[in-house]
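S.K.: For reference, the structure I am asking about is given below.
The values are calculated or read from the model by the stated rules, or taken from the named source; none is laboratory data. The structure displayed is predicted, hence computed values, not measured ones. Don't worry about glycine lacking a Cβ; one is built from the backbone with ideal geometry, like all the others, and counts go over all protein chains shown. Keep in mind that these areas ignore ligands, DNA and RNA; they rest on the heavy atoms of the full protein, side chains included. Shrake-Rupley method; radii C 1.70, N 1.55, O 1.52, S 1.80 Å.
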Amino acid sequence: MMPGFVASPTILNSQLAVITTQSNPQDFENLEQLFNEHKVGVVEPYIYPGVVEKVIQSYPDSIVQTANDEELFHLLQTKQINFAITAPKVLNYFAEQQNLSEPKIVTQFTDSPLVIGIRNDAENKAKIALLNDLFTDAKSSATNYSRPKKLLLTYIDIPRVAPFKALMSDVYNDLNIKVQMQATPSRRGVLLLNAGIVDGDIVRSQSNMRKFENIIVVEPSLGVINLVLLCRKALPCDRDNLYNPNNRIMSSIGDIEILNEFDIKAEIIHNEDLSHTLTMLKKGRVDYALYPALNNDITTFKKDFSVIVLRQMAINTVIHKKHAPLVDEISKAITARLPELTQRINNDSKD
């Protein structure tokens, strides 16, 4: 927070990425190369994470500052800048409004807390105190649970997610609850759920949920997922790739956390948009990737990549603890419909 300002509680975690146009073939090895060789747009009022701010200050001649994200989007589309650093969802919105292709994510940073900055004076300190009270109230569970008519559920947009979406739609329909489903990058989805901004997530690895105190893992398990290493076929592919510091491996934060006992030495390129990971691998933009795969997916992936299974994990649907009174009903409905899920997964694999 800038001097002279006070911060609100964290509203949510803001995703930040290096973005360019779909037609731009340029690439870079690290942030220093990016700023040294290209024109990079940033939004002047934003306070970027420390590692980005440091490089921005070191390369002032490469920086193009804009007043807002809309201006940044215009400069990117008109090729007045090569890359931009901002939230992907914001530029995707402008692309949709103008019927243009969504900008391309080159790399993503770790999510950062998003707060409201208010000038530090007596009047605004009172407003911050009010915001603190409101957030405290929002986090506390209601004494009397009111059964919802509709829930907002996130899901990771990866191959084979459709059978799980269909299952959970039927499960909640059995409970006379409508659901709205929203594709969300992996890390953002779980953070939104833990904050209570969304109500649940379609399917998640149990291992990734343990440290989130506001998330309930609903039994029974929906199956098993494999965490695999995908390699371009022209390259060697075994677990030793994880320990070579010269290798660059694309992965979500959650998948790296699951493999913490592997003591990975390779450079990790964080990316929470898992469909983008497969695209980058197929185009040769990265050589290796960690990826969650059902057993049926492994056969499909072997057509394009070499595949090494690193770990197997149980997967479940999850829900925010404010909906704890629904858990038993959800569990019973899942148990009754599990045979349908198996059939759907098999049918989906044949398509």
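S.K.: If packing is taken as the average number of other Cβ atoms within 10 Å across a peptide's residues, how do 235-242, 282-289 rank, most packed first?
M.R.: Details: 235-242: 13.8, 282-289: 16.8.
Highest-to-lowest ranking by the protection proxy: 282-289, 235-242.
S.K.: So how many Lys-Lys pairs in segment 137-251 land under 23 Å Cα to Cα, not counting same-chain pairs under 8 apart?
M.R.: Details: Lys139/Lys149; Lys139/Lys150; Lys139/Lys211; Lys149/Lys165; Lys149/Lys178; Lys150/Lys165; Lys150/Lys178; Lys165/Lys178.
Summing the qualifying lysine pairs gives 8.
S.K.: Starting from the Cα of Lys54, draw a straight line to each of the lysines and keep only those under 28 Å, dropping any in the same chain fewer than 8 residues away.
M.R.: Cα-Cα hits under 28 Å: Lys39, Lys79, Lys89, Lys104, Lys265.
S.K.: In whole Å, what is the distance between the alpha-carbon centres of segment 225-265 and segment 182-198?
M.R.: That distance is 25 Å.
S.K.: Determine the share of segment 208-330's accessible area contributed by carbon and sulfur atoms, expressed in whole percent, with a 1.4 angstrom probe. Provide the component values of the computation, followed by the final result.
M.R.: Values: 2520 of 5390 Å².
Summing carbon and sulfur atoms, their accessible area is 47 percent of the total for segment 208-330.
S.K.: Right, here's the next one. Residue by residue through segment 226-239, what is 3J(HN,Hα) from phi via Karplus (6.51 cos²θ - 1.76 cosθ + 1.60, θ = phi - 60°)? Round to whole Hz and write x for glycine and proline.
M.R.: Those phi angles translate into 9, 9, 10, 9, 9, 10, 4, 4, 6, 10, x, 9, 7, 5 Hz.
S.K.: Scan around Leu151 for amide H atoms under 5 Å from its own, H built in the peptide plane at 1.01 Å from N, and keep only partners 5 or more places away or cross-chain.
M.R.: Lys178, Val179, Gln180
S.K.: Quick one: which residues, 5 or more positions from Thr107 or on another chain, have an amide H under 5 Å from its amide H? H modelled 1.01 Å from N in the peptide plane, none for Pro or chain starts.
M.R.: Val18
S.K.: Still on this structure, I have one more. If you wrap a convex hull around the Cα atoms of segment 24-95, how much volume per residue is inside, in Å³? Could the numbers behind the result be given before it?
M.R.: On the way: hull volume 6.5 nm³, N = 72.
Enclosed volume per residue, from the Cα hull, is 91 Å³.
S.K.: Check which residues have an amide H placed less than 5 Å from Ile249's amide H, if you skip close sequence neighbours.
M.R.: Those lying under 5 Å, H to H, from Ile249 are Glu267, Ile268, Ile269.
S.K.: Might you report the magnitude of the Cβ-based charge dipole of segment 235-308 about its Cα centre, with Lys and Arg at +1 and Asp and Glu at -1, to the nearest 20 debye? Please report the intermediate quantities before stating the final value.
M.R.: On the way: 8 positive and 12 negative charges, 81 e Å.
Roughly 400 debye, rounded to the nearest 20.
S.K.: Mind listing the phi-derived Karplus ³J(HN,Hα) values for segment 335-344, rounded to whole Hz, using 6.51, -1.76 and 1.60 with θ = phi - 60°, and x for any glycine or proline?
M.R.: Calculated HN-Hα couplings, in order: 4, 5, 9, 4, x, 5, 4, 4, 5, 5 Hz.
S.K.: Also, I was wondering about something else. May I ask you to evaluate 6.51 cos²θ - 1.76 cosθ + 1.60, the Karplus curve with θ = phi - 60°, for each residue of segment 319-331 and list the ³J(HN,Hα) values in order in whole Hz, giving x for glycine and proline?
M.R.: Here the 3J(HN,Hα) series is 8, 5, 5, 5, 9, 3, x, 8, 4, 4, 5, 4, 4 Hz.
S.K.: Under a point-charge model restricted to the Cβ atoms of Lys and Arg (+1) and Asp and Glu (-1), what is the dipole moment magnitude of segment 257-296 relative to its Cα centre, in debye to the nearest 20? Mind showing how you got there, number by number?
M.R.: Values: 4 positive and 7 negative charges, 67 e Å.
Dipole magnitude for segment 257-296 comes out near 320 debye.
S.K.: Based on alpha-carbon positions alone, could you give the equivalent ellipsoid semi-axes of segment 243-351 from the gyration tensor, as √(5λ), descending, whole Å?
M.R.: Ellipsoid semi-axes (Å, largest first): 31, 20, 12.
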